[in-house]
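The structure appears below as structure tokens.
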Amino acid sequence: MVMMLGICPLWVYAQSRLDSIQHLDEITVVAKSFREVIPSQKLSGKELQKLNSHSVADALRYFSGVQLKDYGGVGGIKTVNIRSMGTNHMGVFYDGIELSNAQNGQVDLGMYSLDNIEEISLYNGQKSEIFQSAKDFGAEITLVGRSEEILEVMRKNGYNDLPKGVEIAGADDVVDMHDDPGTVIHKRKNSSMVIGLKMLSDGQGDAFVSAGSTGALLTGATLMVKRVKGLRRAAMGPAMPNKAGGKTVIVDCGANAECTPEFLLQFGLVGSVYAKKQLGIENPKVGLLNIGTEDSKGTALQKEAYALLKNAGEKGLVNFVGNVEARDVPLGAVDVVVCDGFNGNVLLKTIEGTAMFMGSLMKKMFKKSLLSKLGYLLCASGVKDLMKMLDYREIGGTPFLGIRKPVIKAHGASDVLAFRNAVKQAADVAASDITGELEENLQRLAAEKEKVTEHD
């Protein structure tokens, strides 16, 4: 697959109405959305300038495994083969627009000048992306599941042997989404989830990634991998992009629908440590999700949690700044927002839905007229960056904060890109000392609680 970045308008004119080629007032090109994947080879910037080539086809001579076919003569075309793969079986993309695939024939790559090309990239295909993450992040990946089925899928996608850094651990069973999370550990002992968590617990891995049942994964992680000492409940803490250009950690977003004030206090500590160690925020601002900013707002749960968080802030355990409303979360009012799992999940899904709605609205707006389409061409790069920032696949997954070793819950609809980023996230969390600092903070919190008890 070859992708050329740049914009090249096309006009077609004819001298007479009787000519076979007519003047076209407007050409509308509709293309499938092109998802970013990892290129196996790339030429860009100064590298392209040094080639002294005149066309894309000439530049492709410098890619390994690529053979140029130059038919020459008047009307001759230039095409490429990749590792004996025919020209008609390659996808060609120009600025994300699909020019050629297995169904619509070949493209003359000699007609594209390098004058308006910023980058030429060669892709092996999306299926290689999850395996390439092993090399990119310096990680070793163990795929847990039915071995023969995994190998068969790999063979269908061009892998006759396991890539370097990738292994398979056999598991005959799977956890169904309808399984009872409380009994799944005992009833599904040979499932990929249970075996993977056991491997993590036994030291055969540093992190675990799963897109399976959230409840079963949390239960398994809690019982098998164990919580950090002193923590009452583990929580889900996704880091969502905000207007300020940073990220806001939402703790909890679905693991604990019913909470006590003490749970929320610990969520503040957990989220604060995660934001500091993983996001690089030195002194994260922690806010409590509420229906108003006044300390008198909310139910008994929010009022009691507010008092506990305020006291912890005065003791220097957390940088608590008070209540925060839902509308202020995407604006970056705080770095960590504390809430029970029910309200946190509603908040998260509302943000995701709003992002999808805005994306759909923008597409309709740009398709409205010729001027709007031209406007899109002028701001296409910015629009793509915005949609990428709001794409859940770019986040990868949600960590279970408070588990001794990283357990990442990937989205149930995760594709290859999402899994790649989930692997990256798991590697990053494993490399940071979140557990150690969290245990220290929990010990300090327990000591402060004992002082208050003795005083009373």
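Quick look at the values:
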read-out	value
Residue within region 245-255 that is crowded, with 23+ Cβ neighbours inside 10 Å and not assigned by TED's automatic domain parsing to the domain that holds N343 present	no
Residues of region 398-456 satisfying the condition of being of a type in the set (D, E) and part of a loop (DSSP other than H, G, I, E, B)	D415, D433, D456
Candidates A447, A426, filtered to the one that is under 30 Å from A216 (Cβ atoms) and either at pLDDT below 75 or among the aliphatic types (A, V, I, L, M) (or both)	A426
Extreme residue, surrounded by the fewest Cβ atoms within 10 Å (Cβ to Cβ), among residues of region 310-337 that are farther than 17 Å from L401 by Cβ and of a type in the set (A, V, I, L, M, F, W, C)	L331
Enumeration of residues in region 142-189 that are polar (S, T, N, Q) and either closer than 23 Å to G215 by Cβ or not in a strand (DSSP E or B) (or both)	S147, N157, N160, T183
Among the candidates N283, N290, N256, N242, residue that is of a type in the set (S, T, N, Q) and out of contact with any helix residue (DSSP H, G or I) (no Cβ under 9 Å at 6 or more places or on another chain)	N242
Filtered residues of region 338-375 (kept if in contact (Cβ under 8 Å) with a residue 60 or more places away in the chain and exposed (fewer than 12 other Cβ atoms within 10 Å of the Cβ))	L370
Residue that is farthest from L218 (Cα to Cα) [pool: residues in region 231-254 that are touching a Pro at 6+ places or on another chain (Cβ under 9 Å) and assigned to a loop (DSSP other than H, G, I, E, B)]	K243
Residue selected from region 391-405 under the condition of a type outside the set (K, R) and modelled with pLDDT of 90 or more, by the criterion nearest to the chain's Cα centre (by Cα)	F400
Qualifying residue in region 216-225 (condition: in a loop (DSSP other than H, G, I, E, B) and either modelled with pLDDT of 90 or more or of a type outside the set (S, T, Y) (or both))	no
Check on Y94, outside the structural domain of L371 (by TED's automatic domain parsing), modelled with pLDDT of 70 or more, aromatic (F, W, Y) and surrounded by fewer than 17 Cβ atoms within 10 Å (Cβ to Cβ)	no
Qualifying residue in region 433-452 (condition: among the hydrophobic types (A, V, I, L, M, F, W, C), buried (at least 18 other Cβ atoms within 10 Å of the Cβ), within 19 Å of M199 (Cβ to Cβ) and assigned by TED's automatic domain parsing to the domain that holds L309)	no
Test for L377: is it part of a helix (DSSP H, G or I), among the aliphatic types (A, V, I, L, M) and modelled with pLDDT under 75	yes
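For (1) modelled with pLDDT of 95 or more; (2) in the same structural domain as V249 (by TED's automatic domain parsing); (3) within 16 Å of L445 (Cβ to Cβ); (4) of a type in the set (S, T, Y), each residue gets a yes or a no:
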{"residue": "I281", "(1), (2), (3), (4)": "no, yes, no, no"}
{"residue": "L288", "(1), (2), (3), (4)": "yes, yes, no, no"}
{"residue": "G313", "(1), (2), (3), (4)": "no, yes, yes, no"}
{"residue": "E325", "(1), (2), (3), (4)": "yes, yes, no, no"}
{"residue": "L361", "(1), (2), (3), (4)": "no, yes, no, no"}
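The values are calculated or read from the model by the stated rules, or taken from the named source; none is laboratory data. Please read these numbers as outputs of a predicted model, since none were measured by experiment. Please note: Cβ atoms are built from the backbone with ideal geometry, for glycine as well, and neighbour counts cover all protein chains shown.
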